[in-house]
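**Student:** Please read through the structure below; I'll follow up with questions.
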Amino acid sequence: MRKPVNFEFKPVSNDNWPDLEKLFESKGGPHNCWCMVWRKMDKYSDRSNKHEKKKALKGYIDQGQSIGFIGYNDHEPIAWCSVAPRETYRNMGGDPGLKAVWTLVCFFINSAYRQQGLTEKLILKAVEIARVNGAAYLEAFPVEHDSPSYRFMGFISTFEALGFKKTGKAGLRRHIMVCKL
């Protein structure tokens, strides 16, 4: 396990897209889903094709849409957080009555940097990014620690410790949690 020494965040853009590719294609990285499980894709796209998912995620960047940010340690990409306006995602079951909502759906942290509190830092940065971009709420869909799936969406206890409130369930395992900004 390596301790982050000089940790910083950068929103994904065309300039640092190669860093996201490097992170996603690293050992254990989300190179199969390309963080498109919950995002909207063109109706003619093949959701089972990882190359089309990568192309679709890059399409959001090319259109100037926020998709999330990369966490760096000494300029090396080591973490990812998917956070964007709710409208860019498929319906995940959040409260439709809330307006100006951003959604946080997943994290990836290089295994050498896990268990060091980086998830909390990623969530706090997501809150800041959503607020700066005019969001009134940030929603997330974490699970219990013993969940056999959806662990990439984070854990309920982490979000609770950072001020998120449970507002319901989305499916069998995912809990809807909201932070008023």
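**Student:** Top mean-square fluctuation among 134, 97, 29, Gaussian network model of the chain, C-alpha springs under 10 Å?
**Tutor:** 97
**Student:** Chymotrypsin sites (Phe, Trp or Tyr not before Pro), restricted to the stretch 2-111: which are DSSP loop and have at most 14 other Cβ atoms within 10 Å?
**Tutor:** Answer in residue order: 44.
**Student:** Hey, another quick one. Is any helix in the chain, taking whole DSSP H runs, at least 15 angstrom long along its axis by alpha carbon and on average at least 0.0 on the Kyte-Doolittle scale, and which ones?
**Tutor:** Result, helices passing both filters: 118-132.
**Student:** Quick one: 48, 13, fewest Cβ neighbours within 10 Å first, how do they rank?
**Tutor:** Exposure proxy ranking, most exposed first: 48, 13.
**Student:** What percent do you get for the relative contact order of the stretch 1-112 when only Cα pairs under 8 Å and 6+ apart count?
**Tutor:** 32 percent
**Student:** Label-point separation (nm) for residue 167 and residue 13, each offset 7 Å from Cα along Cα-to-Cβ?
**Tutor:** Each label point is offset 7 Å from its Cα along the Cβ direction, giving 3.1 nm.
**Student:** For the stretch 7-180, what does the alpha-carbon gyration tensor say about shape, rounded, prolate or oblate, given a ≥ b ≥ c as the root eigenvalues, a/c under 1.5 as rounded, and a/b over b/c as prolate?
**Tutor:** Because its axes are fairly even, with a/c under 1.5, the stretch 7-180 counts as rounded.
**Student:** Take the alpha carbon atoms of the stretch 134-170, find their center, do the same for the stretch 1-62, and report the distance between the two centers in whole angstrom.
**Tutor:** The stretch 134-170 and the stretch 1-62 have Cα centres spaced 21 Å from each other.
None of the figures in this text is laboratory data; all of them are computed from the coordinates on show. Keep in mind it's a predicted model, so treat the numbers as computed, not measured. Ideal geometry is used to build each Cβ from the backbone, glycine not excepted, and the neighbour counts take in all protein chains shown.
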